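Report on one structure; see the data block that follows.
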Amino acid sequence: MYTNMLNVLLMGGGAAGAQGGAGFQFIFIGGMILVMWLFMIRPQTKKAKMQKDFISNLREGDKIVTIAGIHGKVKKINDNNTLQIEVSPGTYFTVERSAISMEYTTAQQKATETAAK
């Protein structure tokens, strides 16, 4: 009996489900789309916006970490979406702005602030 009810609800099959099955299917699909938007798409777009804001707010002298784990200090911001970073005194790398990790940089800055206290 339980499996018959489950089939009626999920597939709209059977005599009892013929009338209300289509409406339930639309509600079910709409609910699935809503759940996907709430738990997958929305957080991803929020994170992408935060990353974009973080990269656009970089200034000379900021300490950063790249996605490859290279620590450095922003020495120069170029017009072609690249940064020149100083990894040790007198050693410079040119990296894309998109190669700067927001997560690693903020974690490194928090660790520095904690150690300074």
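Each value in this text was obtained by applying a stated rule to the coordinates, not by laboratory testing. Note that the structure is predicted; figures quoted are calculated from it, not measured. Here the Cβ is made from the backbone with ideal geometry for all residues, glycine too, and neighbour counts use every protein chain on show.
Cross-linked pairs LYS52/LYS76; LYS75/LYS110; LYS52/LYS110; LYS52/LYS75; LYS52/LYS117: Cα-Cα separations exceed 23 Å for LYS52/LYS117. The H on the amide N of ASP62, modeled in the peptide plane, is under 5 Å from the matching H of VAL74, each at least 5 residues off or on a different chain.
Pairs of Cα atoms in the range 30-117 fall into 5 Å distance bins, from 0 up to the last occupied one, in shares of 3, 13, 20, 20, 15, 10, 8, 5, 4, 2, 1, 0 percent.
Apply 1/(1 + (r/R0)^6) to the Cβ-Cβ distance of ALA107 and LYS75, taking R0 = 30 Å, and write down the FRET efficiency to the nearest 0.05.
Working: r = 22 Å, r/R0 = 0.73.
The value I calculate is 0.85.
Classify the range 25-71 as rounded, prolate or oblate, taking a ≥ b ≥ c as the square roots of the eigenvalues of its Cα gyration tensor: rounded when a/c is under 1.5, otherwise prolate if a/b is larger than b/c and oblate if not. Before the final figure, lay out each step's value.
Numbers: a/c = 8.23, a/b = 3.41, b/c = 2.41.
Here the range 25-71 falls in the prolate category.
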